[in-house]
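Below: one structure, written as structure tokens.
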Amino acid sequence: MRRERDPLVVGRVIGDVLDSFTKSINLTISYNDREVSNGCTLKPSQVVNQPRVDIGGDDLRAFHTLVMVDPDAPSPSDPNLREYLHWLVTDIPATTGARFGQEVVCYESPRPSLGIHRMVFVLFRQLGRQTVYAPGWRQNFNTRDFAELYNLGSPVAAVYFNCQRESGSGGRRR
């Protein structure tokens, strides 16, 4: 896929959250049987419960870490809590899903109050099992620094969706 047409570039996930990387594994995120595709919009009421996460690959001995962050907290115009950590699951075996991993930071459903927020899922391959630990806080989490701290290298997959307050106030007007 040409870089300028990559939805992660267009949505500024590459830049705000991640550096450019090459996807090497399939990552499928679904809320109530609705698959998340880059740039789609989901309402807070649709994402109350943690999603189903399926990871591709062919080596059950490979373990992965899944990070879910909001780079637009508390508002896209003033993201001074960037990034807000919504979920962290480690030790997920390839070919399985998040339910087979260790939830080290429990899922917190997105509840944006101002503007349109990007909710970004990032998947990393771990060097080994039980090599990644929970940070001490959710606000001002930094995916790049986290990956460097635990020697996770570049992401192997990422996907994001947009979420805004359901009343419609505080979002873009059409």
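Using a Gaussian network model of the chain with C-alpha springs under 10 Å, which one of Leu85, Leu66, Leu149 is most mobile by mean-square fluctuation?
Leu149
Taking Cα pairs under 8 Å and at least six residues apart, what relative contact order does the stretch 73-174 come out at, in percent?
Answer for the stretch 73-174 is 33 percent.
Sum -39500 (n - 2.57) across every DSSP H segment of at least 4 residues in the chain, then divide by the residue count to get the 222 nm mean residue ellipticity, nearest 500.
Helix-only estimate at 222 nm: -1500 deg cm²/dmol.
Using a Förster distance of 25 angstrom, determine the FRET efficiency expected from the C-beta separation of Asn140 and Ser113, and round it to 0.05.
For R0 = 25 Å, the calculated efficiency reads 0.90.
Which residues' amide hydrogens lie under 5 Å from the amide hydrogen of Gly97, considering only partners 5 or more residues apart or on another chain, with H built in the peptide plane?
It is Ile55, by chain and number.
Most mobile of Ile92, Ile14, Ile55 per a Gaussian network model of the chain (Cα springs, under 10 Å)?
Ile14
Which whole-number value in Å² is the accessible area per residue of the chain, probe 1.4 Å?
53 Å²
Can you give the extra length, in nm with one decimal, that the chain gains between Glu148 and Arg34 once fully stretched, where that is 0.36 nm per residue apart less the Cα-Cα distance?
Extra length available between Glu148 and Arg34 comes to 37.8 nm.
Give the label of the value calculated from the structure for mean projected area of the Cα convex hull in nm², choosing from (1) 9.8; (2) 10.7; (3) 9.0.
(1)
Given a cut-off of under 8 Å on Cα pairs at least six residues apart, what relative contact order in percent is computed for the stretch 1-104?
Working: 156 pairs, mean separation 22.2, N = 104.
Contact order relative to length: 21 percent.
Rounded to the nearest 20 debye, what is the charge dipole size of the chain about its Cα centre when +1 sits on each Lys and Arg Cβ and -1 on each Asp and Glu Cβ?
With only Lys, Arg, Asp and Glu charged at Cβ, the dipole is about 480 debye.
Report the net charge of residues surrounding Arg99, where surrounding means a beta-carbon distance below 14 angstrom and charges are Lys +1, Arg +1, Asp -1, Glu -1.
Working: positive: Arg52; negative: Asp54, Asp91, Glu103.
That sum, taken over residues with Cβ under 14 Å, equals -2.
Which whole-number percent gives the relative contact order of the chain, counting Cα pairs below 8 Å spaced six or more residues apart?
Details: 407 pairs, mean separation 47.9, N = 174.
Normalised by residue count, the contact order of the chain is 28 percent.
Once neighbouring chains are kept in place and the probe is 1.4 Å, which whole percent of the accessible area of the chain is contributed by carbon and sulfur?
45 percent
What residue among Phe63, Phe121, Phe21 has the largest mean-square fluctuation in a Gaussian network model of the chain, using Cα springs under 10 Å?
Phe21
The values are calculated or read from the model by the stated rules, or taken from the named source; none is laboratory data. Everything numeric here is computed off the predicted structure, so don't read it as measured data. Glycine gets a Cβ as well: all are built from the backbone with ideal geometry, and neighbour counts include every protein chain shown. SASA here: full protein model, heavy atoms, side chains in, ligands and nucleic acids out. Shrake-Rupley method; radii C 1.70, N 1.55, O 1.52, S 1.80 Å.
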